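K.L.:
The structure under discussion is supplied below as structure tokens; questions concerning it will follow.
The values are calculated or read from the model by the stated rules, or taken from the named source; none is laboratory data. Since this is a predicted model, take the numbers as computed values, not measurements. Cβ: placed from backbone, ideal geometry, glycine included. Neighbour counts: every protein chain shown.
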There are 2 protein chains.
Amino acid sequence: MRQKRNAFYAQSGGVTSVINASACGVIETARQHKDKIGKVYAGHNGIVGALREELIDTGKESAKTIAALKHTPSGAFGSCRYKLKDLESNKAEYKRLLEVFKAHDIGYFFYNGGGDSQDTAHKVSQLGERMGYPITCIGVPKTVDNDLPYTDCSPGFGSVAKYVAVSTLEAGRDVASMCDSSTKVFILEVMGRHAGWIAAASGLASQQAGDPPHIILFPEIAFNKKKFMSQIKRDVKQHGYCVVVASEGAQYKDGRFIADAGRKDAFGHTQLGGVAPALAGMVTDELGYKNHWAVADYLQRAARHIASATDVEQAYAVGKAAVEFALAGKNAVMPIIKRKNTKRYSWTVDSVPLSKVANVEWKMPRDYISKNGYGITEKGREYLAPLISGEDYPPFKNGVPDYARLKKVMVTKKLKKGFKV
Amino acid sequence: MRQKRNAFYAQSGGVTSVINASACGVIETARQHKDKIGKVYAGHNGIVGALREELIDTGKESAKTIAALKHTPSGAFGSCRYKLKDLESNKAEYKRLLEVFKAHDIGYFFYNGGGDSQDTAHKVSQLGERMGYPITCIGVPKTVDNDLPYTDCSPGFGSVAKYVAVSTLEAGRDVASMCDSSTKVFILEVMGRHAGWIAAASGLASQQAGDPPHIILFPEIAFNKKKFMSQIKRDVKQHGYCVVVASEGAQYKDGRFIADAGRKDAFGHTQLGGVAPALAGMVTDELGYKNHWAVADYLQRAARHIASATDVEQAYAVGKAAVEFALAGKNAVMPIIKRKNTKRYSWTVDSVPLSKVANVEWKMPRDYISKNGYGITEKGREYLAPLISGEDYPPFKNGVPDYARLKKVMVTKKLKKGFKV
């Protein structure tokens, strides 16, 4: 391999409030090694940018702008929901990718995403080898779902967890103060289609017995309507109110989502889901309690203003480590967070081969969920608590966060042929 | 009037993230005047606490706890949705109120709420006079709806406004970064049944032309579905995506709420509203764009973690002024915020007679809303911007805000008869 080659960085899948902190880690670290890494190009809208040869020259952004990425949510270079097909059925895509990389002398591929992206990075590395274009491929972990294996946690999760814990605490106080004459049941819907990690984090809002949330609905625990109604009644009787936090993926025993209640509007159109309104409807119909519901949706994963300082640090650290691993000659690996101590929380960065990570989902251990299925255990709390610790406020201007704005200068295309994506 | 008498303080209606800052202002200021004000009793669950003779002795709370109220959201003493009926049709309630006040030697009545509460405070003052039990009644303004007259703004509004502006900015960034291959339309539902103040505040998220929100739906502007759809199409074409912020009270020309779309679930039950899912359904059906929606509900008015420093200061100031006005011999007045300068924002506290405030709603001026009805004007922005300025973070413990916990020691009842509320 030549001494100095360019790097390609791309963001993939659902964005988070700290994925740009990883970008910052990659770019700042690469800039410290100009003898080894020439330009850092970022894919415009993720991997699609590579296929379309739409590369953003990060070198045109000032050091100040790149530093500001650390406190800027969303995907600054654009992300995408685009999964490369498997090698055999669509080799053309992988070939195109390598053509673009070759044209721009890219020797390093940093792919910032979840399980699917790690799989892609792994395949690119294998194919490059086979096609005589060796390329160093490093995955950079990211997902609010916290379902990546081997790493103690996934960068992006801690901040959503903090948002959900804070929101549950605050809304819970609101409901408690008015339940005598007003709302008795409040339902907050949070993300998590397959795993209950995000909903579980709401349990951190509870500091004393009786504190909200009173019921957490996990996708891992089959929803039993009768049991749920009884629990709400008990909570309202005992505390005067009941706060429920529900995973969007909460489901019945047969796998049917609660949100997918077969509802139709007045015109017979299928109604867009929402587990919170579905549950609220049940509470109204069965118990008659006045209730309110909220759906946090993108607000939760974009809420950089209440990011976890731990999460921001880890997101930056895995970006930095990705470059350092590449320069140290590692290939086809992903940096991971390794927990060294829980009580006095400390962590370090290690690595794992991409071949092991690809398409493996880390589920919530059953012993993190309480026996009745509606809360978290002490063990779960011990795991979760450090991940939301510390605040890392962005700078503000005119009353709102002063987030980075990139120039996004595109690199001149070198290939004659386009590529339809 | 005797030299030293007790005070009664109560919180009323929907709580806010800064109503406790007003409580803090009342209690701390009263404690500085122990020669004039004896005990400060707080109504347990608002005015209902007075009717039931459930009084919390705030004197049992430490100075540290009372100070912590300044950074604690919700109604620390409990609030209620309970409007006293008019004097003629239910004199019994007012008489009971005065009996309780008399039994506990209450000479000062501080009522912290919106328009209805100011009306109640006014009536109590009048009746006291007539019944030979003169009592100093001071209203303390509070409402997220910003619809109290005479005051430049209502304490509680600035913090919701900040939450909504920040959330719109953050979620907008999220959608922008993924719109190439994913969600194109995002809809955020915010509070505001009669007035669009809260939705208007989302306009502060926009710092440059093209920034979200692209469409704001105000209750003041009749909803025109065709025009709305055309605007979304234009925005998606121009920006690649469209962010909509909708007041819960957004309605058709005939006064029908968008949220009240006559939807039924599979069992024929009327479906709980939500303007955001209703709009999302229209976008899916008419335009086919992938869309997401969020409903902030209580999260927005409880979000003390992102409160406006200006709002916190003002909430405290009106509580403090209420006590100072009472001690200065004023009666049946409400402290108001007076804007002295907009460009270099400054304000002071003045007062207005309760007789003027009672049951008057301050609506959004039409010239704060842009011509097409979907945004705010420069004039609107100038009014709104100072209200969200400054951050006032609560202290954190274990990753979540460390909000006050009161002991809530009840005063021994003195009246033999109870009162059914």
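Here's the yes/no breakdown for (1) surrounded by 24 or more Cβ atoms within 10 Å (Cβ to Cβ); (2) outside the structural domain of B:LYS290 (by TED's automatic domain parsing):
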site	(1), (2)
B:ASP152	no, yes
B:SER167	yes, no
B:THR183	no, no
B:MET191	no, no
B:LEU204	yes, no
B:PHE218	yes, no
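K.L.:
Could you say which residue among A:ALA7, A:ALA68, A:ALA21 is assigned to a strand (DSSP E or B) and touching a residue at least 60 places away in the same chain (Cβ under 8 Å)?
P.N.:
From the options A:ALA7, A:ALA68, A:ALA21, the qualifying one is A:ALA7.
K.L.:
Consider only pairs whose beta carbons are under 7 Å apart and that are at least six residues apart or on different chains; among these, list those whose first residue lies in segment A:199-227 and is under 13 Å from A:LEU169 (Cα atoms) and touching a residue at least 12 places away in the same chain (Cβ under 8 Å) and whose second residue is among the charged types (D, E, K, R) and surrounded by 13 or more Cβ atoms within 10 Å (Cβ to Cβ).
P.N.:
Close Cβ pairs (under 7 Å, with a partner that is among the charged types (D, E, K, R) and surrounded by 13 or more Cβ atoms within 10 Å (Cβ to Cβ)) amount to A:GLY203/A:ARG381; A:LEU204/A:ARG381; A:ALA205/A:ASP211; A:HIS214/A:ASP235.
K.L.:
Output the residues belonging to segment B:148-189 that are of a type in the set (Ser, Thr, Tyr) and closer than 26 Å to B:LEU387 by Cβ.
P.N.:
The answer is B:TYR150, B:THR151, B:SER154, B:SER159, B:TYR163, B:SER167, B:THR168.
K.L.:
I'd like to verify a number: residues in segment A:24-54 that are part of a loop (DSSP other than H, G, I, E, B) and buried (at least 24 other Cβ atoms within 10 Å of the Cβ), how many?
P.N.:
Counting residues in segment A:24-54 that are part of a loop (DSSP other than H, G, I, E, B) and buried (at least 24 other Cβ atoms within 10 Å of the Cβ) gives 2.
K.L.:
Restricting the first residue to segment A:363-381 and requiring it to be part of a helix (DSSP H, G or I), which pairs with a second residue that is surrounded by 12 or more Cβ atoms within 10 Å (Cβ to Cβ) and among the hydroxyl-bearing types (Ser, Thr, Tyr) meet a Cβ separation below 7 Å and a spacing of at least six or different chains?
P.N.:
What qualifies is A:ASP367/A:THR377; A:TYR368/A:THR377; A:TYR368/A:TYR383; A:LYS379/A:TYR368; A:GLY380/A:TYR368.
K.L.:
Look at segment A:73-89 and say how many of its residues are touching a Leu at 6+ places or on another chain (Cβ under 7 Å) and free of Cβ contacts under 8 Å to residues at least 40 places away in the same chain.
P.N.:
Matching residues across segment A:73-89 total 0.
K.L.:
For segment A:141-178, which residues satisfy the criterion of being within 8 Å of chain B (Cβ to nearest Cβ) and among the acidic types (Asp, Glu)?
P.N.:
Listed by number, the residues that qualify are A:GLU170, A:ASP174.
K.L.:
Here's a follow-up. Checking A:SER181 against (1) more than 23 Å from A:ARG366 (Cα to Cα); (2) polar (S, T, N, Q); (3) touching a Pro at 6+ places or on another chain (Cβ under 7 Å), which test does it fail?
P.N.:
Among (1) more than 23 Å from A:ARG366 (Cα to Cα); (2) polar (S, T, N, Q); (3) touching a Pro at 6+ places or on another chain (Cβ under 7 Å), the lone unmet condition for A:SER181 is (3).
K.L.:
Give the residues of segment A:345-374 that are exposed (fewer than 12 other Cβ atoms within 10 Å of the Cβ) and at pLDDT below 95, sorted by residue number.
P.N.:
Within segment A:345-374, just A:ASN359 meets the criteria.
K.L.:
List the strands (runs of 3 or more DSSP E) that sit entirely inside segment A:84-191 and contain at least 3 residues that are over 30 Å from B:LEU51 (Cβ atoms) and not aliphatic (A, V, I, L, M).
P.N.:
So the answer is A:106-113, A:136-141.
K.L.:
Could we say that B:GLY418 is outside any loop (DSSP other than H, G, I, E, B) and either more than 10 Å from chain A (Cβ to nearest Cβ) or touching a Phe, Trp or Tyr at 6+ places or on another chain (Cβ under 7 Å) (or both) here?
P.N.:
In short, no.
K.L.:
For segment A:271-287, how many residues meet the condition of being at pLDDT 90 or above, more than 8 Å from every other protein chain (Cβ to nearest Cβ) and surrounded by fewer than 21 Cβ atoms within 10 Å (Cβ to Cβ)?
P.N.:
3
K.L.:
Which members of segment A:220-254 meet the condition of being assigned to a loop (DSSP other than H, G, I, E, B) and either on the phi > 0 side of the Ramachandran plot or surrounded by fewer than 16 Cβ atoms within 10 Å (Cβ to Cβ) (or both)?
P.N.:
Hits for segment A:220-254 are A:ALA222, A:ASN224, A:GLY240, A:LYS253, A:ASP254.
K.L.:
Could you look through segment B:206-219, keep only residues that are closer than 16 Å to B:TRP293 by Cβ and in a loop (DSSP other than H, G, I, E, B), and pick out the one that is farthest from the other protein chains (Cβ to nearest Cβ)?
P.N.:
B:HIS214
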